[in-house]
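Since the structure comes first, as structure tokens, the remarks are kept for the end.
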Amino acid sequence: MLKPFRNFFVHLATFLFASGLFVGATANDSDQYIRVSDYLLDNPEQRQKMQKFSEIVRESASPLQNRNEKSIKIAIIYPAEQSSDYWRRSVTTLEKRLSELNVSYEINSYFSRPTVDISLQSEQLNSAIAWEPDYLVYTLDALRHQAMIERILLRGKPKLILQNITTPLQQWQQLKPFLYTGFDHEKGTELLAGQMLNQHPQGKYSMLYFSRGYVSHMRGDTFTKQAADITGLKLVSSYYTKGNSDIAYKATLATLKKTPDLNMIFACSTDIALGALRALDENNLNDQVMLNGWGGGDREIEALLEGKLDLTVMRMNDDSSVAMAEAIKMDISGQSSSVPHIYSGDIVLLSKSTDKDEIEQLKRRAFRYSSSNGQ
């Protein structure tokens with residue numbers, strides 16, 4: 001008797017998730033990921049490796065004395081078709097640092113849109129593997145990515161670098177990727193939450209998630225858990241946006257219509273923040289509704305300096321790819337044992353009241369390779 005109703009709700013949930021308009025929190029999948037602090041408790045030998053490696057990343061390049069005779073092959077698969085400039089800057093930085101390190105290399109890059117191009121990413125992965133690279137640089141967000149990555153881990157080659165993830169997966173403790181590199185999403189969100197929740201301990205807020213998966217969990221769910229401890233603050237809506245600016249714009253309009261006295265929006269990515277900002281602009285609500293960015297790329301910094309975006313966390317962007325280059329250098333020079341399992345880069349909190357000169361200094365540091373004025 002209940003089966004037709006169960007099937008109806010399954011199909012309804014599938015439609016809502018696919019449309020990006022599901023209202024509600026992401027699934028509690030925290031047990032899948034190991035926080036950096038917990039990982040170091042279980043692997044104390046990694047702490048010193050991480051600290052020493054971070055120092056190498058921050059320093060100028062120390063080139064190989066003897067250049068590798070055979071070029072190494074690096075395949076890169078990125079969700080780079082989005083407003084955030086993180087991914088394209090990453091390729092530029094990797095190339096420049098490898099050149100400074102006197103490493104001979106070839107790179108094949110494959111770009112796609114986040115969330116919606118899962119099938120295309122599968123095709124790109126097959127093409128990349130057919131090229132027989134020495135290293136594969138990939139990322140992890142949608143659950144379907146895990147099956148793709150596990151095939152690589154089981155093969156044992158190419159060596160896998162997972163970017164934009166610093167929390168190892170529980171099920172990959174035996175077959176580890178060569179390197180996890182990026183910026184701690186949880187730490188960055190905690191920096192944002194500290195200021196946002198202090199400024200709005202009462203009122204109403206909306207959560208704009210990415211898609212169901214890693215980024216939404218580590219950024220969005222981290223924020224909602226902290227906000228839940230504040231009795232005067234109420235979550236009035238939450239949406240999965242697929243990281244799409246237009247969906248974020250429509251979701252924000254829907255929330256404003258339902259809740260005109262909204263006080264705050266938490267955005268899980270650059271594109272989401274820019275979509276929400278467009279809706280706030282149209283309704284002249286920039287002063288009423290606090291809005292964050294995430295990442296600190298050019299478009300976020302521009303909105304911050306204009307006073308339209310209230311705050312963001314700025315990654316020292318290029319360091320994540322410098323880490324990849326340094327890990328590859330160590331590997332080909334017989335020092336792979338010195339490569340830590342995780343590289344987690346520096347993150348800085350910025351607000352619209354941050355001094356412009358300070359922001360410019362941080363930009364020079366963050367984009368030391370990838371800016372047009374860089375090396």
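Near the amide H of G243, under 5 Å away, which other amide H atoms are found, from residues 5 or more places off or on another chain, if H is placed in the peptide plane?
Distant-sequence amide H within range of G243: S211.
How about the range 292-375: which GluC sites (Glu not before Pro) there are in a DSSP loop, with at most 14 other Cβ atoms within 10 Å of their Cβ?
Answer by residue number: E306.
Per-residue HN-Hα couplings for the range 339-349, Karplus 6.51 cos²θ - 1.76 cosθ + 1.60 at θ = phi - 60°, whole Hz, x for Gly and Pro?
For the range 339-349, the Karplus curve yields 7, x, 5, 10, 10, 10, x, 6, 10, 10, 7 Hz.
Starting with the fewest neighbours, write out F183, F266 ranked by other beta-carbon atoms found within 10 Å of each beta-carbon.
F183, F266
Across 5 Å bins from 0, what is the distribution of all Cα-Cα pair distances for the range 327-375, in whole percents?
5, 15, 16, 14, 15, 14, 10, 6, 4, 0
Treating the beta-carbon of each Lys and Arg as +1 and of each Asp and Glu as -1, no other charges, what is the dipole magnitude of the range 186-294 about its Cα centre, to the nearest 20 debye?
300
Rounded to the nearest angstrom and ordered from largest down, what semi-axes does the equivalent ellipsoid of the range 89-241 get from its C-alpha gyration tensor (root of 5λ)?
Calculated on Cα positions only, the semi-axes equal 35, 17, 14 Å.
Once you have the alpha carbon radius of gyration of the range 132-194, what is it after dividing by 2.2 N^0.38 Å, with N set to its residue count?
1.23
Counting pairwise Cα distances across the chain, what percent come out greater than 40 angstrom?
15
Which GluC sites (Glu not before Pro) does the range 40-114 hold that lie in a coil by DSSP with at most 10 other beta carbons within 10 Å?
Answer in residue order: E59, E69.
³J(HN,Hα) across the range 291-306 via Karplus (A = 6.51, B = -1.76, C = 1.60, θ = phi - 60°), whole Hz, x for Gly/Pro?
9, 10, x, 8, x, x, x, 4, 5, 5, 4, 4, 5, 5, 5, 7
Just tell me which lysines come within less than 25 Å, Cα to Cα, of K258; anything on the same chain fewer than 8 places away is out.
Partners within reach: K204, K225, K234, K242, K250, K308.
Over the Cα atoms of the range 188-248, Rg to Rh with Kirkwood Rh, two decimal places?
0.97
Would you mind ranking Y180, Y209 by Cβ crowding within 10 Å, fewest neighbours first?
By the 10 Å Cβ count, ascending: Y180, Y209.
Give me Rg over Rh for the range 204-329, both radii from the alpha carbons and Rh done the Kirkwood way, two decimal places.
1.02
In whole Hz, with x marking every Gly and Pro, tabulate ³J(HN,Hα) for the range 257-263 from phi via Karplus 6.51 cos²θ - 1.76 cosθ + 1.60, θ = phi - 60°.
5, 7, 10, x, 9, 4, 10
So if I restrict to the alpha-carbon atoms in the range 271-375, what is the Rg, and what is Dmax, the biggest pairwise distance, in Å?
Here Rg and the maximum Cα pair distance are 17.3, 59 Å.
Values quoted throughout were computed directly from the atomic coordinates according to the rules given, and no laboratory measurement underlies them. Because the structure is predicted, anything quoted here is derived from the model rather than measured. Cβ sites come from the backbone with ideal geometry, for glycine too, and all protein chains shown count toward neighbours.
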